[in-house]
Amino acid sequence: MIFNMIMNFLKKNNLKQGNGGFTLVESIVAIFILLISVVMPMSVVARALFAANYAQDQITAVYLAQEAIEVVRTTRDNNVLSGTALWDQGNLGDGSSTSCYSGSGCYVDAVNNTINACGGVCPNIQENSAGVISWYGNYSDWANTKYVRTIKLSKISAYEIKINSTVTWVSRSGDRTVSVEDVLTNWP
């Protein structure tokens, strides 16, 4: 449509001057305008797709980080209710180098509600897609995702611990990180 308008304009101007055809400059200008009218919308669409993909990764990472906080909170509750471990120990560790309180931190399996020491580097979160529902956990037969979730705990006082849940991933534009922090207290 734009191309036709340009060509009609050029034809009208050429006919007034008595010319029967287009000059090379007029043709180049028409092609340039046509290219701009096609390339600009394509670049806008490409940017929108990149932004949508980044937003999806960011939202997934925030949910995964918050999920780890909830697993730690549930573990704290189970420790208190069972009476077999101190509220801030048990599956959360005991402050040794292989616990969530030190070293490289811990990772969670939210499907089985377990917390495990990373032992150097935390593994990638794995995914089992069942229909439209995706389950994230750590199983040998599930596919790796691009996300790595690490939990680190630190004692604030005898009645408080700080939880730092960090999710990292690599995107086309570089390394990305989302961190969520919370403070848990002992409830006797």
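Could you say whether any residue in region 168-177 is surrounded by 16 or more Cβ atoms within 10 Å (Cβ to Cβ) and either at pLDDT below 80 or touching a helix residue (DSSP H, G or I) at 6+ places or on another chain (Cβ under 6 Å) (or both)? Walk me through it before giving the result.
Step one: list which residues in region 168-177 are surrounded by 16 or more Cβ atoms within 10 Å (Cβ to Cβ), which gives 168-169, 176.
Remaining after also requiring either at pLDDT below 80 or touching a helix residue (DSSP H, G or I) at 6+ places or on another chain (Cβ under 6 Å) (or both): none.
Checked against the condition, which is being surrounded by 16 or more Cβ atoms within 10 Å (Cβ to Cβ) and either at pLDDT below 80 or touching a helix residue (DSSP H, G or I) at 6+ places or on another chain (Cβ under 6 Å) (or both), region 168-177 yields no hits at all.
Do the conditions hold for ALA61, that is, is it within 30 Å of TYR147 (Cβ to Cβ) and at pLDDT 85 or above?
Details: within 30 Å of TYR147 (Cβ to Cβ): yes; at pLDDT 85 or above: yes.
Yes.
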Selection from region 139-153 of residues of a type outside the set (Val, Ile, Thr), surrounded by 11 or more Cβ atoms within 10 Å (Cβ to Cβ) and modelled with pLDDT of 80 or more yields ASN144, LYS146, TYR147, ARG149, LYS152, LEU153
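Assess whether VAL44 counts as being under 30 Å from the mean Cα position of the chain (by Cα), at pLDDT 85 or above, in a helix (DSSP H, G or I) and closer than 18 Å to ASN164 by Cα.
Details: under 30 Å from the mean Cα position of the chain (by Cα): yes; at pLDDT 85 or above: yes; in a helix (DSSP H, G or I): yes; closer than 18 Å to ASN164 by Cα: no.
Spelling it out, it is not the case that VAL44 is under 30 Å from the mean Cα position of the chain (by Cα), at pLDDT 85 or above, in a helix (DSSP H, G or I) and closer than 18 Å to ASN164 by Cα.
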Restricting to region 120-138, name every residue that is in a loop (DSSP other than H, G, I, E, B), surrounded by 13 or more Cβ atoms within 10 Å (Cβ to Cβ) and either out of contact with any strand residue (DSSP E or B) (no Cβ under 6 Å at 6 or more places or on another chain) or modelled with pLDDT of 75 or more (or both). CYS122, PRO123
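May I ask you to verify whether SER104 is of a type in the set (Ser, Thr, Tyr), closer than 18 Å to THR150 by Cβ, out of contact with any strand residue (DSSP E or B) (no Cβ under 6 Å at 6 or more places or on another chain) and at pLDDT 75 or above? Can you show your working first?
On the way: of a type in the set (Ser, Thr, Tyr): yes; closer than 18 Å to THR150 by Cβ: yes; out of contact with any strand residue (DSSP E or B) (no Cβ under 6 Å at 6 or more places or on another chain): yes; at pLDDT 75 or above: yes.
Yes.
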Residue check: is LEU49 surrounded by fewer than 16 Cβ atoms within 10 Å (Cβ to Cβ), within 26 Å of ASP175 (Cβ to Cβ) and either of a type in the set (S, T, N, Q) or at pLDDT 85 or above (or both)? yes
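For region 87-96, indicate whether the set of residues that are within 26 Å of ASN53 (Cα to Cα), modelled with pLDDT of 75 or more and in contact with a strand residue (DSSP E or B) (Cβ under 6 Å, 6 or more places away or on another chain) is non-empty. Quick ask: steps written out before the conclusion?
Restricting attention to region 87-96, the residues satisfying the condition of being within 26 Å of ASN53 (Cα to Cα) are none.
Within region 87-96, none of the residues are within 26 Å of ASN53 (Cα to Cα), modelled with pLDDT of 75 or more and in contact with a strand residue (DSSP E or B) (Cβ under 6 Å, 6 or more places away or on another chain).
The values are calculated or read from the model by the stated rules, or taken from the named source; none is laboratory data. Note that the structure is predicted; figures quoted are calculated from it, not measured. So basically every Cβ, Gly included, is an ideal-geometry build from the backbone, and we count neighbours across all protein chains shown.
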